[in-house]
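Following this message is one structure expressed as structure tokens.
The values are calculated or read from the model by the stated rules, or taken from the named source; none is laboratory data. Computed from a predicted model, the values in this text were never measured in an experiment. Please note: Cβ atoms are built from the backbone with ideal geometry, for glycine as well, and neighbour counts cover all protein chains shown.
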Amino acid sequence: MTSPNASAFAGTGILARIALHTGWKRLALWVLGLIGMMLVTTASLSALYDTAEKLAAYSQSLDGDAMLVLNGKVAGLETMGGVFANEFGFVLAFGLPLMGIALASRGTRQDEEAGRLELLLAARIGHRAPILAAVLVTGGALLITGLGSAAVMIAFDADVTGSLLYGLGMAALGFVFAGVTVFAAQFFEHNRAVWGFGLAVTVISYLLRGQGAVNDNWLLWLSPHGWVDEARAFGDARAWPLLLAGGVGLGLTAVAFYLNTRRDVGSALIRPRTAAARASRLLRSPVGLAVYEHRGAVLGWSIGTVALMGTYGSLTQEVLNAFRDNPDLAVLVGADPNAADRLLGAVLSTFVMILAILVAAFFVMAVNSLRREEAAARLEADLSGSRSRYGWLGTHVLVIGAGALIIAAAGAVVLATTTASSTGDDTWTGEILSAAVSFSPSVVIFGGIAVALFGARPTWQVFGWVLFAFAAIVAYLGPGFDLPEWLVKASPFAGIGADIINDGASATGTGVLLGTTVALLLVGLVTFRRRNIPAA
């Protein structure tokens with residue numbers, strides 16, 4: 001006789017195989033992408049810090065609160081592995097949580113919102129099987145990513161034990177956020193809300209880790225990022241903080257199992273408020289409806305961007321001091337170590353570029369979210385009246401663009417304000433705001449790419465993220481890792497200008513990006529007008 005608990009998990013293997021069969025491309029992109037980033041990081045750094053003296057100088061140059069806030073307390077900075085871990089810190093902080101959120105949400109709330117889960121559960125599939133299958137597939141992908149990254153570090157002379165522990169830390173961090181995702185999926189009806197919750201927890205964890213590292217206090221232990229640091233992979237190594245991370249991930253999954261029994265398929269524990277009997281005049285208009293659909297994402301991204309830009313701006317003086325104490329570090333922001341008068345401008349250019357990367361990520365995500373309207377058959381209903389396809393897509397693109405402008409403006413103002421407070425010099429305020437405007441072609445081109453892919457074939461939208469990830473990584477890591485100049489300039493974030501505050505934006509780069517964006521938008525509109533809805 002089969003126990004009730006066993007039947008609740010019936011079909012887990014089937015669902016896991018379905019997830020691997022239908023989502024192997026997405027899995028491969030995440031796994032190979034992150035391992036590839038580790039390869040670029042280690043290959044470049046091993047050539048830059050090839051002597052004990054250079055490693056010692058690197059370690060001594062990072063004695064400051066700024067680096068603790070940005071990358072946490074990385075142990076063993078005088079070793080090759082410690083340098084790898086520190087320079088990979090930004091990718092670790094956001095890449096692994098995003099991987100955990102993306103993969104875990106796909107097999108839970110995303111499938112449930114699209115109605116696929118209800119069809120599967122109509123067969124002999126246990127009600128807890130989708131959660132377990134999603135966690136197993138996500139955990140396996142994270143483990144492969146961590147071990148693959150460890151192998152790369154070992155290949156470039158990092159300590160074997162430390163590399164393996166660091167790789168397991170990567171997997172553990174992502175697994176915590178996979179647990180956060182399946183937990184949040186029980187509370188929210190829409191996948192975008194699950195994503196918003198996961199991103200909020202990621203940013204909060206990152207900021208808590210930074211404050212805990214600076215003050216060396218208990219805040220560090222409230223952050224999954226801090227648990228990975230406390231494993232001290234390349235220092236006095238210890239594995240139990242990673243067991244804590246794994247335990248939290250499993251605990252959140254167990255809570256998700258329980259909460260899943262307290263709701264119906266397709267519903268959520270937090271029920272949407274009852275709608276008004278009649279829609280307002282604004283909501284009945286195309287623009288008003290688009291604003292309503294995207295307002296939550298704009299608000300969430302604005303809050304996260306403001307928090308990060310405020311953190312970076314408040315650390316400007318400390319980052320500047322660290323670079324002045326060790327001029328060799330100036331190459332991390334593409335600055336000439338012998339040009340001290342240009343160093344602050346180069347640092348601020350990098351901060352504004354990070355702002356542009358965040359805004360571009362919002363643009364891609366918001367355009368890609370239009371696929372949900374099509375998959376849920378709401379788009380067909382919307383177009384059954386007098387609205388044209390051009391009008392529907394054009395309205396959404398304009399509203400998303402306005403949302404991107406709000407996020408960029410909020411981030412730029414906060415960055416300028418906190419930079420002035422940190423340096424005691426408000427003369428850079430106008431330069432920061434002007435640079436934010438100059439970076440706009442680097443942002444809108446990714447909106448154009450997303451629109452073109454959505455219009456031509458929505459199943460290709462993942463390639464928009466691939467291009468975005470390439471551009472962001474190459475622009476952010478390229479100067480410090482001495483990547484080929486042609487490769488760095490291939491990124492819209494770097495092609496617009498290597499040091500936009502000191503040297504201004506490239507007129508040629510600006511023109512090419514804007515012209516390409518217009519062409520991509522036209523392609524998206526025309527192909528959307530001609531293709532089937534829903535797309536095959």
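Just to verify a result, which residue in region 127-178, among those that are on the phi < 0 side of the Ramachandran plot and among the charged types (D, E, K, R), is modelled with the lowest pLDDT?
Checking each candidate, the answer is ARG128.
Moving to a separate point now. Are any residues in region 81-124 more than 30 Å from TYR476 (Cα to Cα) and among the charged types (D, E, K, R), and if so, which ones?
ARG109, ASP111, GLU112, GLU113, ARG116, GLU118, ARG124 - these are the residues of region 81-124 that are more than 30 Å from TYR476 (Cα to Cα) and among the charged types (D, E, K, R).
Would you be able to say whether some residue in region 189-196 is surrounded by fewer than 19 Cβ atoms within 10 Å (Cβ to Cβ), aromatic (Phe, Trp, Tyr) and in the same structural domain as GLY139 (by TED's automatic domain parsing)?
Among the residues of region 189-196, not one is surrounded by fewer than 19 Cβ atoms within 10 Å (Cβ to Cβ), aromatic (Phe, Trp, Tyr) and in the same structural domain as GLY139 (by TED's automatic domain parsing), which makes the answer no.
Another question, then. Is there a residue being of a type outside the set (Phe, Trp, Tyr), surrounded by 20 or more Cβ atoms within 10 Å (Cβ to Cβ), under 21 Å from the mean Cα position of the chain (by Cα) and closer than 30 Å to ASN86 by Cβ anywhere in region 242-254?
Yes, the conditions are met somewhere in region 242-254.
Taking only region 480-521 into account, find how many residues are of a type in the set (Asp, Glu) and either farther than 28 Å from ALA47 by Cβ or at pLDDT 90 or above (or both).
Total meeting the criteria: 0.
Scan (1) in contact (Cβ under 8 Å) with a residue 24 or more places away in the chain; (2) among the hydroxyl-bearing types (Ser, Thr, Tyr); (3) out of contact with any helix residue (DSSP H, G or I) (no Cβ under 7 Å at 6 or more places or on another chain); (4) in a helix (DSSP H, G or I) for the single condition TYR258 breaks and write down its number.
That leaves (1) as the condition not met.
In region 60-88, how many residues are surrounded by fewer than 19 Cβ atoms within 10 Å (Cβ to Cβ), of a type in the set (Gly, Ala, Ser) and in a helix (DSSP H, G or I)?
Matching residues across region 60-88 total 1.
Can you say whether GLY266 is at pLDDT 90 or above and either closer than 25 Å to LEU143 by Cβ or not in a helix (DSSP H, G or I) (or both), as far as the supplied structure shows?
It is false that GLY266 is at pLDDT 90 or above and either closer than 25 Å to LEU143 by Cβ or not in a helix (DSSP H, G or I) (or both).
List every residue pair whose Cβ atoms sit under 7 Å apart, with the two residues 6 or more apart in sequence or on different chains, where the first one lies in region 355-368 and is assigned by TED's automatic domain parsing to the domain that holds ILE473 and the second, anywhere, is not in a helix (DSSP H, G or I).
Within 7 Å, the pairs are ALA356/PHE439; ASN368/GLN461.
Hey, among ALA408, ALA420, which residue is hydrophobic (A, V, I, L, M, F, W, C), in a helix (DSSP H, G or I) and over 23 Å from LEU520 (Cα atoms)?
Of ALA408, ALA420, the one residue that is hydrophobic (A, V, I, L, M, F, W, C), in a helix (DSSP H, G or I) and over 23 Å from LEU520 (Cα atoms) is ALA420.
Restricting to region 409-444, name every residue that is surrounded by fewer than 17 Cβ atoms within 10 Å (Cβ to Cβ) and of a type in the set (D, E, K, R).
ASP425, ASP426, listed by residue number.
Within region 30-55, which residues are among the aliphatic types (A, V, I, L, M) and either over 26 Å from the mean Cα position of the chain (by Cα) or crowded, with 16+ Cβ neighbours inside 10 Å (or both)?
Within region 30-55, VAL31, LEU34, ILE35, MET37, MET38, LEU39, VAL40, LEU45, ALA47, LEU48, ALA52, LEU55 qualify.
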